[in-house]
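Colleague: Okay, handing you the structure first.
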Amino acid sequence: MMAIFVISFAYGQEKDAQLEKADALCKEGVALHDQGKYEEAIKKYDEALAIAPNVVDVIAEKAFTLSAMGKKNEAKKMMEKQIQKADAKDLATLYSTYAGILDDDGERLKALEIYDKAMQAVDEEDFSRMHHIYYNAAVTMSRLTDKDKQEMPDWDKHLQYCLHNSLQLRPSHADTYRLLALFNTEKKWYCDAFMSYAMFAMLDGSRVDSIEDVFAEWAELKLDSASESLTTIAFNKVNEMTKSEPSEYGRLYDMFSTITPLLCPDTLGTPLPIAYTLDFYNLSIRPFFADLNRQGLLECFFHVAMKNSKKKYITNADWVAKHKDLEGRMWKYIQDKVVFMNDIQYGFVPDTMIINTAEDARKYNAYVMGCCKYYLTHLLETPHMDRAAKNIIAWSTASQDVTVNVCSFITNLTSKSQDYLVPYIAGCSFAALSLGEKKFTQDICREGLLGVLFRYANEKERLGKIDELEKLQNLVENDQEGFEKFVEENYNK
């Protein structure tokens with residue numbers, strides 16, 4: 001028995017050494033690729049594959065280099081062959097690579113189909129890979145031709161969905177904010193475009209000058225006061241600033257430091273994680289800027305975002321140099337919000353939440369968002385669901401920061417099954433906290449109903465079929481206007 005163990009251990013060591021050598025050769029190949037030395041890069045990949053033939057990362061890098069060399073058909077055939085014989089654990093990487101090559105060759109609708117397969121194959125705990133897939137699918141959708149968009153009529157909703165998930169998984173990813181800003185601009189949602197550009201500038205200061213050029217283009221646009229939710233005051237400020245000369249701090253600072261406070265909602269006294277303030281279908285990031293404003297960090301944010309500008313606005317760097325303590329506090333605040341608790345994608349359940357008063361409830365605002373997220377993304381049989389439900393009910397009963405009205409539709413529904421009350425409260429509470437909204441609104445009611453439908457769609461067989469939910473689910477899937485009308489008619493009943 002001991003002899004077998006020794007032989008196995010030695011074999012394992014030899015295999016590890018081979019993998020390390022293959023990995024080193026692959027990295028050399030990537031470095032050569034980045035220098036444009038494609039032929040030399042291919043040789044390194046082939047050396048690596050000769051040592052470890054089935055390492056998917058090496059295969060993926062070789063395919064990308066072949067594509068860069070113009071050998072796109074060879075790269076695609078290589079990926080198709082690998083996918084046919086791959087283990088399930090490697091499919092997400094191979095599908096993602098194949099989709100990227102298809103995109104590069106102009107086959108973008110097919111690339112999106114392959115990205116869907118990659119998402120189905122990815123390990124749900126592999127947040128890095130999931131982010132990579134969502135972001136690259138968003139890039140592909142943003143590059144669709146008008147003809148492609150006609151064949152994919154809901155491309156904008158799919159793009160929103162991918163951007164949403166990319167930021168949920170990696171809230172500090174600069175290029176996702178850039179794509180989001182471009183999308184918001186195309187949709188004429190200028191308020192959120194402002195703030196998306198600000199996040200991009202903050203996270204990638206080396207490209208801040210390109211944003212100045214965007215605002216120069218906006219000066220030529222015929223902005224509409226009805227666009228998105230520009231208030232009259234904010235609309236007038238936008239028009240005034242796009243037509244005026246930048247101040248000594250630059251256009252970015254002028255725009256955001258003046259307009260952002262006009263757009264920010266009130267906050268509830270508890271800083272919220274960035275990823276949770278991004279949890280809406282409209283991808284609004286205003287709650288984050290509202291938090292910055294309340295913390296007295298908004299001005300500092302824009303000076304820091306502009307300090308790397310290569311244009312004449314060097315006074316931003318001077319301002320930051322004189323306010324190092326404030327800049328330190330700002331970065332700590334942002335970093336604390338970016339990496340929050342255990343799991344920003346699927347929520348979490350705190351071990352203990354003792355809530356007896358409204359003040360107790362307020363201390364747990366961010367924690368209960370984690371509970372709501374957990375409850376809305378897990379099945380009832382999952383561990384800790386009972387504790388999550390108790391936390392949500394206890395918090396919503398004591399809290400004075402949000403209002404959740406149980407509309408007559410939910411009242412009638414819960415008379416048939418109590419399993420739908422908590423997802424409704426969780427959906428409404430998460431929405432109210434994300435928006436910083438104390439009143440019960442139609443938007444909040446909508447999120448509560450969607451929470452109910454998530455529970456129904458995923459546990460219908462166990463909980464039983466309900467005609468009212470069948471009809472509502474059909475509205476969501478096939479008649480969005482009908483669903484919005486339903487929400488409007490029911491949220492205040």
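The values are calculated or read from the model by the stated rules, or taken from the named source; none is laboratory data. Quick caveat, the model's predicted, so the values are computed rather than measured. Glycine gets a Cβ as well: all are built from the backbone with ideal geometry, and neighbour counts include every protein chain shown. Note: areas computed on protein heavy atoms with side chains; ligands, DNA, RNA excluded. Shrake-Rupley method; radii C 1.70, N 1.55, O 1.52, S 1.80 Å.
Colleague: Counting only residues 5 or more places away or on other chains, whose amide H sits under 5 Å from the amide H of Glu248 once H atoms are built in the peptide plane?
Modeller: Close amide H contacts, sequence-distant or interchain: none at all.
Colleague: What is the gain in length, in nm to one decimal, between Gln400 and Ala321 on full extension, counting 0.36 nm per residue of separation less the C-alpha to C-alpha distance?
Modeller: 24.3 nm
Colleague: Compute the accessible area per residue over the chain, keeping the other protein chains in place, probe 1.4 Å, unit Å².
Modeller: Each residue of the chain exposes 49 Å² on average to a 1.4 Å probe.
Colleague: Once both labels are modelled 7 Å past Cα along the beta-carbon direction, what's the Ser415-Glu461 spacing in nm?
Modeller: Reported label-point gap for Ser415 and Glu461 is 3.1 nm.
Colleague: From a point 7 Å beyond the Cα of Glu489 in the direction of its Cβ, which residues of segment 420-435 have a backbone N at a distance under 19 Å?
Modeller: none
Colleague: Another question, then. Along the Cα→Cβ direction, 7 angstrom out, place labels at Glu74 and Met152. What is the inter-label distance in nm?
Modeller: Taking the simple label geometry, Glu74 and Met152 are separated by 2.9 nm.
Colleague: Another question, if that's okay. Where the centroid of each part is defined by its Cα atoms, how far is segment 455-493 from segment 54-120 in Å?
Modeller: About 38 Å separates the Cα centre of segment 455-493 from the one of segment 54-120.
Colleague: In whole Hz, with x marking every Gly and Pro, tabulate ³J(HN,Hα) for segment 414-428 from phi via Karplus 6.51 cos²θ - 1.76 cosθ + 1.60, θ = phi - 60°.
Modeller: 6, 5, 8, 7, 6, 5, 9, 6, 5, x, 5, 5, 5, x, 5
Colleague: At q = 0.09, 0.10 Å⁻¹, what log₁₀ I(q)/I(0) does a Debye calculation on the Cα points of the chain give, no solvent, two decimals?
Modeller: The computed values of log10 I(q)/I(0) come out as -0.77, -0.94.
Colleague: Between Thr382 and Gln335, what is the spin-label point distance in nm, taking each point 7 Å from the Cα along the Cα→C-beta axis?
Modeller: 3.0 nm
Colleague: Among 238-245, 459-466, how do they line up from the highest to the lowest mean number of other beta-carbon atoms within 10 Å?
Modeller: Descending mean neighbour count gives 238-245, 459-466.
Colleague: In straight Cα distance, which aspartates and glutamates are under 17 Å from Lys416, not counting same-chain residues fewer than 8 positions off?
Modeller: Glu459, Glu461, Asp467, Glu468, Glu470
Colleague: Moving to a separate point now. What whole number of Å gives the distance from the Cα centroid of segment 404-419 to the Cα centroid of segment 29-43?
Modeller: Taking the Cα centre of segment 404-419 as reference, the centre of segment 29-43 is 62 Å away.
Colleague: What is the set of long-range amide H partners of Trp189 at a cut-off below 5 Å, with H atoms built 1.01 Å from backbone N?
Modeller: When sequence neighbours closer than 5 places are left aside, there are no close amide H contacts.
Colleague: Determine the share of the chain's accessible area contributed by carbon and sulfur atoms, expressed in whole percent, with a 1.4 angstrom probe. Walk me through the numbers on the way to the answer.
Modeller: Details: 11850 of 24020 Å².
C and S fraction of accessible area: 49 percent.
Colleague: Enumerate the calculated ³J(HN,Hα) couplings along segment 146-153 in order (Karplus 6.51 cos²θ - 1.76 cosθ + 1.60, θ = phi - 60°), each rounded to whole Hz, writing x wherever the residue is Gly or Pro.
Modeller: Calculated HN-Hα couplings, in order: 4, 5, 4, 5, 5, 7, 10, x Hz.
Colleague: Spelling out what I want: for every residue of segment 459-473, take phi, set θ = phi - 60°, compute 6.51 cos²θ - 1.76 cosθ + 1.60 (Karplus), and round to whole Hz; glycine and proline get x.
Modeller: Along segment 459-473, the couplings run 9, 4, 4, 7, 8, x, 6, 10, 4, 4, 6, 4, 5, 5, 4 Hz.
Colleague: If you stretched the chain out fully between Arg143 and Ile314, how much longer would it get, using 0.36 nm times the residue separation minus the C-alpha to C-alpha distance?
Modeller: Length gained, Arg143 through Ile314: 58.1 nm.
Colleague: Grab every C-alpha pair in segment 57-110, bin the distances at 10 angstrom width from 0 up to the longest one, and report whole percents.
Modeller: 27, 59, 14
Colleague: Ok, one more. Too long at a 21 Å Cα-Cα cut-off: which of Lys89/Lys157; Lys307/Lys332; Lys237/Lys307; Lys149/Lys188; Lys76/Lys110; Lys89/Lys373? Mind dumping the intermediate values first?
Modeller: Values: Lys89/Lys157 29 Å; Lys307/Lys332 18 Å; Lys237/Lys307 23 Å; Lys149/Lys188 18 Å; Lys76/Lys110 12 Å; Lys89/Lys373 27 Å.
Among Lys89/Lys157; Lys307/Lys332; Lys237/Lys307; Lys149/Lys188; Lys76/Lys110; Lys89/Lys373, the Cα-Cα distance tops 21 Å for Lys89/Lys157; Lys237/Lys307; Lys89/Lys373.
Colleague: Now for a different question. Tell me which lysines have Cα within less than 18 Å of Lys44's Cα, excluding those fewer than 8 residues away on the same chain?
Modeller: Lys21, Lys27, Lys62, Lys71
Colleague: Still on this model: If you place +1 on the Cβ of every Lys and Arg, -1 on the Cβ of every Asp and Glu, and leave all else neutral, what size is the dipole of the chain about its Cα centre, to the nearest 20 Debye?
Modeller: Dipole size: approximately 480 debye.
Colleague: When ranked by the protection proxy of mean other Cβ atoms within 10 Å per residue, highest first, what sequence do the peptides 155-161, 424-430, 173-179 form?
Modeller: With the highest mean Cβ count within 10 Å placed first, the list reads 424-430, 173-179, 155-161.
Colleague: So, one more: Please state the shape class of segment 317-448: rounded when a/c is under 1.5, otherwise prolate if a/b exceeds b/c and oblate if not, all from the C-alpha gyration tensor.
Modeller: prolate
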